[in-house]
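J.: Just dropping this structure here.
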Amino acid sequence: MSTSQAYNEEKGGSSSLGEPEYGHDPASGGIFSSDYKRHDDLKEMLDSNKDSLKLEAMKRIVAMIARGKNASDLFPAVVKNVACKNIEVKKLVYVYLVRYAEEQQDLALLSISTFQRGLKDPNQLIRASALRVLSSIRVPIIVPIMMLAIKEAASDMSPYVRKTAAHAIPKLYSLDSDQKDQLIEVIEKLLADKTTLVAGSVVMAFEEVCPERIDLIHKNYRKLCNLLIDVEEWGQVVIINMLTRYARTQFLSPNQNESLLEENAEKAFYGSDEEDAKDDKTEAASLVKRKPYVMDPDHRLLLRNTKPLLQSRNAAVVMAVAQLYFHLAPKAEVGVIAKALVRLLRSHSEVQYVVLQNVATMSIKRRGMFEPYLKSFYIRSTDPTQIKILKLEVLTNLANETNISTILREFQTYIRSMDKDFVAATIQAIGRCATNIGKVRDTCLNGLVQLLSNRDELVVAESVVVIKKLLQMQPSQHSEIIKHMAKLTDNIQVPMARASILWLIGEYCEHVPKIAPDVLRKMAKSFTNEEDIVKLQVINLAAKLYLTNSKQSKLLTQYVLNLAKYDQNYDIRDRARFIRQLIVPTEKSGALNKYAKKLFLAQKPAPILESSFKDRDHFQLGSLSHLLNAKAVGYQELPDWPDEAPDPSVRNVEVPEWTKCTSREKRKEKVEKPFYSDSEGESGPTESADSGEGSICHDVRAWASVAVGTDSLTPSLPGQHLTLGSPSEEEEEEGKKAKKKKPQRDREGGSESSSEEGSVSESSSSESDSGSDAEESQSETETKRRKTVKSSDPNRDQRHGDFCFICPGILPLPSLYPHLISSVPQVISPVFSSVKTYELLHRMTGEGLSVEYYFSRQPFAPDPHMVAVQIQFSNNTDSEVKNVRISEPKLLSGMRVQEFKEIESLAPGETTSVVMGIDFCDSTQAANFQLCTHTRQFYGAIQPPVGELMAPVFMSENEFKKEQGKLTGMSEITEKLTLPETCQSDHTIVQRVTSAANVSRVPCGADNEYRFAAKTVTSGSLVLITLEKKEGALAQLTVNSEKMVIGTMLVKDIIQALTQ
Amino acid sequence: MIHSLFLINCSGDIFLEKHWKSVVSQSVCDYFFEAQEKAVDVENVPPVISTPHHYLISIYRDKIFFVSVIQTEVPPLFVIEFLHRVADTFQDYFGECSETAIKDNVVIVYELLEEMLDNGFPLATESNILKELIKPPTILRSVVNSITGSSNVGDTLPTGQLSNIPWRRAGVKYTNNEAYFDVIEEIDAIIDKSGSTVFAEIQGVIDSCIKLSGMPDLSLSFMNPRLLDDVSFHPCIRFKRWESERVLSFIPPDGNFRLISYRVSSQNLVAIPVYVKHMISFKENSSSGRFDVTIGPKQNMGKTVEGVVMTVHMPKAVLNMNLTASQGSYTFDPVTKVLTWDVGKITPQKLPNLKGIVNLQSGAPKPEENPSLNIQFKIQQLAISGLKVNRLDMYGEKYKPFKGVKYITKAGKFQSLGSRIVLG
C-alpha cells in the first residue's frame, strides 16, 4: 500500500533509532538519506503535472506531519497545488496549509484567492469548505477578508454554509479579539436561525466569544428548547450547558420552599427519628409563611424538552441533562437522572470515572436519589483502582441506618482485596461510616480492632489511624483498645500508625496509667531511629506524661528532650526547646508554666470525617472545573438563583407587522410548516396561546429571510442561475418529504397535547384519501410560491442577464478581457500627481552606480497587462559603466517582466533612464532580478505599492453606481476615518488619493462625495473608491473590488495617505 | 475545544499528532508520561490531567492512548465520548484500532480527523457521512488505486449532512435487501461463596446490520417491551413512538450500528445460568494448597452453555499450580499470577472440573484471600431476560426484505468475589 510505504519511508529516512527497516521497499532508507535530498525529491513530484505523483508526494508529506516532523520548507511547492483538480490532492494541500500557514504568512496569502473563488461557488458544500479552510488559516492580515466572508456566509441560503460560518466565528475571534463587536452581531443573527444544523454551532460560538451576553438568548430561548431534540448530539451538550446558566439567571429557585430542609439535610439523615420529626415541624411552619411558588412555564419547557435526552446514546449528552436537572429541577424531579447515570457506569472506564465523580457530588446533596441503585456501585475485583475508590466514596455517601449493615458486609469483602490502596481506602470509608452513623460505631470499631491483627502491615496501620479518630469520640469506654494498640508499637513500623498510637496514649494516659510510661521507655530507646513524625509524637507523649505522672517519667522526659535537642531536624529541635521551657519549672520560666497542663491536656474536638466531594457542587456539574475541583480557564461561574425573577416577557417573540398576511401567504405557511423542522409546532400545552402564535411568525420570518436572502445575494453571486433555482427545488423536495409523513422524524418532546397528534393523523388520512388531489394542490402552491419569488424582484432576470457580461472577474477565459474592457470602461491616461521615487540600488552598495525607479503611471505600450516602471541610472564613478542589463529574473508563478534594452555604456557622471514593464499579476509580491554591469552583478527587487497595480478608467457617475451595485457584499470594504485639518479641502483630498493610487476621479453630483475608479492592470478588475465626508471631520471610505486582497490593502494605503 | 490529539503506544512513542488550532509541542505529553509512570497500571492513568497551561484528557483503547490537549473549560465527558467515537471510527474503517492499522493508513486517518473536528468542535461523526466523504480502504480498492491513481476521497460531496436524517446516506441500493438484528444480553453478577447472588443485572443491546435500498422506515415491536427498564437510543429512533406505543420506529442508518442498549428492570429475578462449586484452601505453615473447582449448568432453558472460560487472579504468593482439568485446558501465568481455564461447552452429564495442588513460595505467610473467579460464557439462541422480538414492519419501500433476529446471552461482568464467585 502506497501510504504505508510513504510512512515507513519517513521512518527509514530519518534517524529513528533501532527501528527496523521495513524490507519491502529497498529504496526507502538508502537513497533519500538526508532530509534535504528527500525534500528535493518531493518538490520534484509536486511540480510534475501528473496527479498521481502529486498525490503520492502529498501523502508522504502528510505522513511527515502526522509524525510531528517539520515539513515547512516545502511550503511554496505545496501551496502551488491548492487549485489542483484532484480532490484528494486538494484536501491534503488544505491539511498542509492549515498546519503551516501560521509560519509562512506571506506565502499563505497566495492561496487566499482560491478560497475566495470557492466562497462564490454555486455548490453549497464547496462554499462551506472554502470558508472552513480560509478561516482556519491563522494569518492576521486576512482578518478583514475572513470577517467579510463570515458575514456573507451568515446570510447564505444554505444552512450548512451558515453552520460553517458559525464555526468560523471562534476561529476569527482567537485570531483577533478586536473583532468581537462585529462578531457578536453575526452571532446574534445566527442565533435567530431556525435550523437545527446551525443551532449547536452558533451556541458554541456564543460560548466562546460572548458568554456574558445572556441578553442575546432571550428571544431565542424557546426556539432553542424546542429544537434541542433534533440538534446533533455535540450541539446538544453545548446548548444544554448554556441553557443551564441562562435558567439560573432568569428563573426562581424551584426549591425555595425546601431550602430549609436542605440546610438541615445532614442532620436529619444522621440524626434520630425524633430530630427528623422536629425538622418537619419547623419546615412546615416556614412553608406557611412563604408565598406559593409557581414555576415559570419557560422553566418547565426546558425541563420537559431535555428529559428525553437522558436516553441518548451519548454519555456527554446524558451528563449534560443530568447536571441541568440537578441544578434546575425541583427536588422531587431530580430523581429521574439517577437511572441514566447508573446506566453510564456500564460504559468505558473513563466515562465511569467522570460519571462517578459527579455522582459522588450529587450523592452528598441528594442521597435518596441513588439509594435504589446501591448495588450498582458494588465493586468488582476487575475495576481499576481509581474507579474502586470512587465507588467506595459513593457507597459511603449513600450509607444510612437502614443499609449500613449491607454496606459494611460488602466492605468486609473489600478488605480482603489484593489491591492495597483500595483496602486502605476501604478502611477510611468504614471510619467515615462509623462517625456518621452512631448506631454502628461500636460494630465498626470492633471490626477495625480485629483488623489490627491482620497480617498486612498496611491494613493495620490504616486501621490504627482510623481507630485513633474514632476513639476521640468516646475515649473513656475504650481503654482496652488503647492497651491493645500500645502493644502494637513493638511490631508496627508504618510511621503514621506509630505516631497515631503515641498520640492516643499521650492523650488518654490517664486511662492507661500503667502502660504509658512503659511505652515512653521503649520509645526513648529507639528514639534516634524513628521517623520525624514519630519523634514529634514521642516528645508530645513525654510532655504529657511529665505533666500527669512526673514521678515516673521525669528522667525519661529529660532524656528524650536531650536527644531531641541534638536532632538533625530543626523542627524537632525547636519543639524540644519549646516544650522544655513550657513544662520544666525553672527560675526564669514564664507565666505559661502553670498553664502547661491546660495547654497539653485540653479537651480536643473529635475530627469530622468528611467527603472530599462536599461542596463541590458550587461548580457546574459535569464541567472540567468540577472534576479538577479548581476553576479551569474559561469556566463560566454558575450564577445563584435570583431573589426576584427578571421580567419573563423578554422571551416573548414579537410578531412582525406584516404577519397579517394575505390568504395566499397563509397557505404557503401551511405547506412550509413541516419543512421548518417538525419540532417547530411542538410547543407544549403550558406554553399556551402566545407560543402558538410565535411559531407561526417564526415561519413567516424564516420564509422572509429566504426571500430577502436571495435578493441581497443577487448582485454578488456569480453562480446565480444555479443558486436561484435551488431554494424552490429544495422546498419542492421538502414538500415531497412532508407528503410522506412516515419518513419524517417525529421524536417529539415527552408530553404532547393529544390535539396535535390528532391533527397529524387527520392530515395523513386525508392525504391517503385523496392522494393525487393533495399532490396537485401542493404543486399548485409550489408554482405560486415560485412566482412570488420571481415577482419579489422584477429586475432580477434582466439583472443577471447583463451581469455575466459586465463583471469580468468571474469569467474564466482571459482572452475575453480585452474585449470586455474596451467595451465598457475606457482606460485613460493617468491623473498626475507628485511622483514618488524608490531606490533600487544605493550609490554605496552599487559601487558608484545608483539606480532609482518610479512608477510612471503611463500605459506600458508593448503589453497592456504590465505596469510601467521608469528606471533611472546614474553613474557616479570615474569610469564608464558598460552593458547594464537585467538578468535572471526570479519571479513567482505568473509574473512576467519585459526587460529594458541593454544600456551599452554609461559615461561617468551621466544619467539615463529606461522603462521596463512588469506584470505583477495583481499582487504586491516583489519582482526579483539581477542587475548586471560589465563587472558586477547586483541584486534588485521592485515591489509595487498596491496603488500602482491599477490604471485609471473613465466612467460616468451612473456607470460608477451601476458597477458599484454589482460589487457589494464580499467585494465591498468599508472603513471609517477622521480627516485631519490639513486634509479638508477638495483639492488635497483628491491629490492625496491619487498619489496613493493610480486612479481617476469620477465626476460626482454630491459635493461631499469623491469617487475614483481604476482597473487592475493584469486582470482588468474594477476598483471603485468612494469617499464620503460626514459631519465634522468624519469620513467613510468604501472600496469595491473583485480582488479583495487589493481592496483591503488599498483601503489601508488611502487612509494612510489621507490621515498623514 | 479540542486543541490537539496525540496517539501514544504502550512503549511511550507518540506515533501520530494532529492539531486543530495552533501547534502544541509534543513536550506537553511529558505530563502524561509522568502520570502514567505514577499510575503503574495503564487503566489507572487518570483520564484528566491538569498541566500548567493545558489540560490533558485521555482514553485508553486497544493498547493506544488517545491524549487530547484542551485549553479551556469543556465538559470532560464531551471529549472522552468524542475520543471513543474516533476509536470506533478507526475500528470501523480498518477492522481494528491498532497502532499498525493507524500507521498503515495514516493518510486516511488524517483525512478522517480533519473531517471529524473543525477548530476542535465535532463536525461529522456519523459513520455514514464519513464513509461518503472518505471511502474505507479495501484490498480491491487499494489495488485499483495504485494502478489508476484514483483516490479514496469521494468526489461527490455527501448530502447526508444536509438532510434532516443525517445518519443515512441517499441513494442506497442493494440487490439483496436484508435486515438483521442481534439481541445480545450480558449478565453482570456477583455471587458469594454459598452460591447466593449478591448482585445480578441484565444489560442488553440490539446491534443491527441493515442493508436495505432506498429510504425504508422500519418499526420493530417486542412481545414483552415492559421488560426494558432503561433504554438508550440511536438518534434515529423516534422517541415519541416509544413513549406512547413501545415500538421502535426508525429510518435506519446504512450498515452496522447499535440500535438500542437497555437494562432489564432489577425487579425481575435474574436467572443465573451456571453455578460454580469451588474449594481453594491453603494450609497454615505449608507451601502448598488445594484447588478444586467445578462448573455446572443451571436454569439454562434447555440451551447449551458454551465458550466457558474461567480466569482467576491468584494471590502473589502462588508460585505455580499443578492441576488436572477433566475438560478443556488451563494455563497459569507465573508472572501475572493469572489462571485461565478454557472449558468450552458444559455437558450436564459430565461436569467440568479442575483440581490439583497450588505451590506457594516457601516461607511466605499463608495467603489470606480466596481469590475471586471470573467466568465467561455464551448461550446461543437465548435472551436470558426473555425478551422477544415480535415483528418487523417496513414502510416506505416496495420490496420484501429478508429479516433475521438472533439472540445471544453472554456473561458480562460475572464475578465470584473473594470467598464468593463472580460471573464476568
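The values are calculated or read from the model by the stated rules, or taken from the named source; none is laboratory data. Bear in mind the structure is a predicted one, so any value in this text is a computation, not a measurement. Neighbour counts run over all protein chains shown; Cβ positions are idealised from the backbone, glycine included.
J.: Is region A:639-648 home to any residue that is outside the structural domain of A:Arg245 (by the TED database), under 27 Å from the mean Cα position of the chain (by Cα), surrounded by 13 or more Cβ atoms within 10 Å (Cβ to Cβ) and outside any loop (DSSP other than H, G, I, E, B)?
T.: Within region A:639-648 (the criterion being outside the structural domain of A:Arg245 (by the TED database), under 27 Å from the mean Cα position of the chain (by Cα), surrounded by 13 or more Cβ atoms within 10 Å (Cβ to Cβ) and outside any loop (DSSP other than H, G, I, E, B)), the answer is no, since none of the residues qualifies.
J.: Run down A:Asn397, A:Asn305, A:Asn358 and say which single residue is farther than 30 Å from A:His218 by Cα and part of a helix (DSSP H, G or I).
T.: Selected residue: A:Asn397, the only one of A:Asn397, A:Asn305, A:Asn358 that is farther than 30 Å from A:His218 by Cα and part of a helix (DSSP H, G or I).
J.: Among the strands (runs of 3 or more DSSP E) contained in region B:30-145, which hold 1 or more residues that are within 11 Å of chain A (Cβ to nearest Cβ) and within 18 Å of the chain's Cα centre (by Cα)?
T.: Fully inside region B:30-145 and qualifying: B:55-61, B:64-70.
Conditions (1) within 12 Å of chain B (Cβ to nearest Cβ); (2) farther than 21 Å from B:Glu115 by Cβ; (3) out of contact with any strand residue (DSSP E or B) (no Cβ under 6 Å at 6 or more places or on another chain), marked per residue:
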residue	(1), (2), (3)
A:Ser111	no, no, yes
A:Ala130	no, no, yes
A:Ile141	no, yes, yes
A:Ile145	no, yes, yes
A:Leu148	no, yes, yes
A:Lys151	no, yes, yes
A:Lys163	yes, no, yes
A:Ala166	yes, no, yes
A:Asp181	no, yes, yes
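J.: Pairs please, first residue from region A:328-356 and more than 7 Å from chain B (Cβ to nearest Cβ) and modelled with pLDDT of 90 or more, second anywhere and buried (at least 20 other Cβ atoms within 10 Å of the Cβ) and outside any helix (DSSP H, G or I), Cβ atoms under 6 Å, 6+ apart in sequence or on different chains.
T.: As it stands, the answer is A:Ala338/A:Phe370, since those pairs meet every condition given.
J.: Test A:Leu891 against the criterion of being within 21 Å of A:Gln943 (Cα to Cα) and touching a residue at least 40 places away in the same chain (Cβ under 8 Å), and give yes or no.
T.: No.
J.: Please go through region A:185-202 and give me each residue that is within 12 Å of chain B (Cβ to nearest Cβ) and outside any helix (DSSP H, G or I), ordered by number.
T.: A:Thr195, the sole residue that qualifies.
J.: Checking the structure you have, find out if any residue of region B:96-111 is modelled with pLDDT of 85 or more and among the aromatic types (Phe, Trp, Tyr).
T.: Within region B:96-111 (the criterion being modelled with pLDDT of 85 or more and among the aromatic types (Phe, Trp, Tyr)), the answer is yes, since at least one residue qualifies.
J.: Here is a further query. Looking at A:Thr402, A:Thr413, which one is assigned to a loop (DSSP other than H, G, I, E, B) and free of Cβ contacts under 8 Å to residues at least 12 places away in the same chain?
T.: None of the other options fit; the residue is A:Thr402.
J.: Just to verify a result, which residue in region B:8-19, among those that are within 9 Å of another protein chain (Cβ to nearest Cβ) and touching a residue at least 40 places away in the same chain (Cβ under 8 Å), is farthest from B:Pro122 (Cα to Cα)?
T.: B:Phe15
J.: Pull up region B:226-251, narrow it to residues that are touching a Pro at 6+ places or on another chain (Cβ under 7 Å) and part of a loop (DSSP other than H, G, I, E, B), then point me to the one that is surrounded by the fewest Cβ atoms within 10 Å (Cβ to Cβ).
T.: In this case the residue turns out to be B:Arg246.
J.: Turning to a different aspect of this structure: If you take the residues in region B:177-199 that are closer than 25 Å to B:Phe233 by Cβ and within 12 Å of chain A (Cβ to nearest Cβ), which one is surrounded by the fewest Cβ atoms within 10 Å (Cβ to Cβ)?
T.: Once the filter is applied, the top-ranked residue is B:Glu186.
J.: Another question, if that's okay. What helices (runs of 4 or more DSSP H) completely inside region A:47-100 contain at least 1 residues that are of a type in the set (Lys, Arg)?
T.: A:51-67, A:87-100
J.: Against the conditions (1) under 21 Å from A:Lys171 (Cα atoms); (2) small (Gly, Ala, Ser); (3) more than 9 Å from chain B (Cβ to nearest Cβ), where does A:Ser72 fall short? Just the number, please.
T.: Result: A:Ser72 passes all but (1).
J.: With the checklist (1) out of contact with any Ser or Thr (no Cβ under 8 Å at 6 or more places or on another chain); (2) in a strand (DSSP E or B) in hand, flag the one item B:Asn176 doesn't pass.
T.: (2) is the only condition that B:Asn176 fails.
J.: Among the listed residues B:Ser27, B:Ser22, which satisfies the condition of being at the interface with chain A (Cβ under 7 Å from one of its Cβ atoms) and either surrounded by fewer than 15 Cβ atoms within 10 Å (Cβ to Cβ) or more than 24 Å from A:Lys631 (Cα to Cα) (or both)?
T.: Among B:Ser27, B:Ser22, only B:Ser22 is at the interface with chain A (Cβ under 7 Å from one of its Cβ atoms) and either surrounded by fewer than 15 Cβ atoms within 10 Å (Cβ to Cβ) or more than 24 Å from A:Lys631 (Cα to Cα) (or both).
J.: Among the residues of region A:37-68 satisfying the criterion of being out of contact with any helix residue (DSSP H, G or I) (no Cβ under 7 Å at 6 or more places or on another chain) and at the interface with chain B (Cβ under 10 Å from one of its Cβ atoms), which is surrounded by the most Cβ atoms within 10 Å (Cβ to Cβ)?
T.: Selected residue: A:Ser52.
J.: Please state which of the following conditions A:Ser381 fails to meet, knowing it meets all the rest: (1) assigned to a helix (DSSP H, G or I); (2) hydroxyl-bearing (Ser, Thr, Tyr); (3) buried (at least 21 other Cβ atoms within 10 Å of the Cβ).
T.: (1)
J.: While we're on this one: Are any residues in region A:196-229 among the charged types (D, E, K, R) and in contact with a Leu (Cβ under 7 Å, 6 or more places away or on another chain), and if so, which ones?
T.: Across region A:196-229, the qualifying residue is only A:Arg222.
J.: Among the numbered conditions (1) surrounded by 15 or more Cβ atoms within 10 Å (Cβ to Cβ); (2) out of contact with any Leu (no Cβ under 7 Å at 6 or more places or on another chain), tell me where A:Glu904 comes up short.
T.: Failed condition: (1).
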